[in-house]
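The values are calculated or read from the model by the stated rules, or taken from the named source; none is laboratory data. For clarity, every value in this text was computed on a predicted model and none was experimentally measured. Neighbour counts run over all protein chains shown; Cβ positions are idealised from the backbone, glycine included. Each accessible area value is taken on the protein alone, full model and side chains, heavy atoms only, with ligands, DNA and RNA left out. Shrake-Rupley method; radii C 1.70, N 1.55, O 1.52, S 1.80 Å.
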Amino acid sequence: MPAVTTDNILSLPRISGTDPAVDRPRPVVGVTSAPSGFEGEGFPVRRAFAGVDLAALDPFIHMDQMGEVEYAPGEPKGTPWHPHRGFETVTYMIDGLMEHQDSNGGGGMISDGDTQWMTAGAGILHIEAPPEHVVVSGGLFHGLQLWVNLPSSLKFAAPRYQDITSAKVSLLSSPDGGALVRLIAGELDGHAGPGVTYTPITLLHATIAPGASLTLPWREDFNALVYGLSGKGSVGAERRPMTWGQLAVFGQGSSVTIAADESQDSRDSAFDVYILGGQPIREPVAAYGPFVMNTKAELIQAFEDFQAGRLGTVPASPDDRVPHGEVNGSTP
Ligand code: MN
């Protein structure tokens, strides 16, 4: 798992320890296992939020772990052109390459620790696929796509594209150097991540060495979610076991704790987790396919606007892999 790493963790800024006199460790209210499925043209995903109440996820809607999969030559798959409205897609690539192009002129290649933050807002069409040379060669593919909701006042924001390269990510160390934190967006213990968010959100990827523990101060008005990417460990002061492919939902409090088991499976050198939280939006959610709105009437409007070409049009491309005209409205 390359993402972005460091040669000398002790040279990084340290996250300060929590003060036991005032800290209220968040309890774990649930650990769920992500079921496997397929997305787009048939790439394997794990539905990280399956079976979890939307109110506990708010302001997040949906998250897919893409892979981890080792593709044979010719096997890598992506999505066809499809629309979105009313929210943001946040794609984090850990291994492999993903190419993105949208009807607003945004796009680019992301790999090994890059995040692409796309605000669909009022509407956009996009395509997400491995580049041609990766389709030919195959290889390791592992990433995440998170859907971040927008409040009603921002659902029609202008589409926006943030290219958060791995070099921009803020690297931090736990107090004892046992965990590396890659702060992607938002604020953590006075440190700022590069990603700009419409509502208050904190997003990070942590690698916790075997036997080490990571305690993060966490805003009391945020929810707190931890998804296991690889390895195994435990969550909360109660040390509830969790592994890769599982999601932990924390209750109220001022800090979250994640620990890595001393003994890891041979393929994992650490416990890697994606940690996310934000201020809940607390608005009605009407979500269907690629649209996340507040009401059913707005969903119907989104489909009508898409059919009428008002969410954008597929740009001309010399790349004949792109299935022009085959826009699939039902693909998330
Ligand atoms: Mn999409």
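Assorted remarks:
- Phi-based couplings in Hz for region 202-213 (Karplus 6.51, -1.76, 1.60; Gly and Pro marked x): 10, 9, 8, 10, 10, 10, 10, 5, x, x, 8, 10
- Distant-in-sequence amide contacts of R240, defined by a placed amide H-H separation under 5 Å and a gap of 5 or more residues or a different chain, comprise V235.
- Across region 223-232, rounded Karplus estimates of 3J(HN,Hα) from the backbone phi angles (6.51 cos²θ - 1.76 cosθ + 1.60, θ = phi - 60°) give 7, 9, 10, 10, 10, x, 8, 7, x, 8 Hz, Gly and Pro being marked x.
- Proximal lysine pairs, the chain, alpha carbons under 30 Å, eight or more residues apart or interchain: 6
- Fraction of accessible area attributable to carbon and sulfur, region 185-264 (%, probe 1.4 Å): 52
- Within the shell of other residues whose beta carbon sits under 9 angstrom from the beta carbon of I94, the net charge comes to -4, with Lys and Arg scored +1 and Asp and Glu -1.
- Ranked by the mean number of other Cβ atoms within 10 Å of their residues, highest first, the peptides 102-111, 54-63 fall in the order 54-63, 102-111.
- Extended-chain gain in nm, criterion 0.36 nm per residue less alpha-carbon gap, S263 and S16: 86.3 nm
- For region 1-67, the solvent-accessible area works out to 50 Å² per residue, with a probe of 1.4 Å and every protein chain left in place.
- Rounded if a/c under 1.5, otherwise prolate or oblate - region 23-278, Cα gyration tensor axes: oblate
- Region 67-108 residues near the modelled A50 label - backbone nitrogen below 15 Å, point 7 Å along Cα→Cβ: 67-68
- Length-normalised contact order of region 23-278 in % [C-alpha pairs under 8 Å, at least 6 apart]: 21
- 3J(HN,Hα) from dihedral phi, region 35-40, Karplus parametrisation 6.51/-1.76/1.60, rounded to Hz, x for glycine, proline: x, 8, x, 10, 10, x
- For S255, the amide hydrogen comes within under 5 Å of the amide hydrogens of R24, R26, W218, counting only partners 5 or more places away or on other chains and with H modelled in the peptide plane.
- Computed accessible area, F156, all protein chains, 1.4 angstrom probe, square angstrom: 120
- Sequence-distant residues sharing a close amide H with W81 (under 5 Å, placed H): N328
- Note on T5 and R239: the model spin-label points, each 7 Å out from Cα along the C-beta direction, lie 2.7 nm apart.
- Magnitude of the charge dipole, region 186-297, Cβ model with Lys/Arg +1 and Asp/Glu -1, debye to 20: 320
- For L171, neighbours were defined as the other residues whose beta-carbon sits under 13 Å from its Cβ, and their charges (Lys and Arg +1, Asp and Glu -1) total +2.
- Within the full protein context, the accessible area of L299 is estimated at about 20 Å² for a probe radius of 1.4 Å.
- Estimated at 0.36 nm per residue, the fully extended path between A316 and S36 surpasses their Cα-Cα distance by 97.4 nm.
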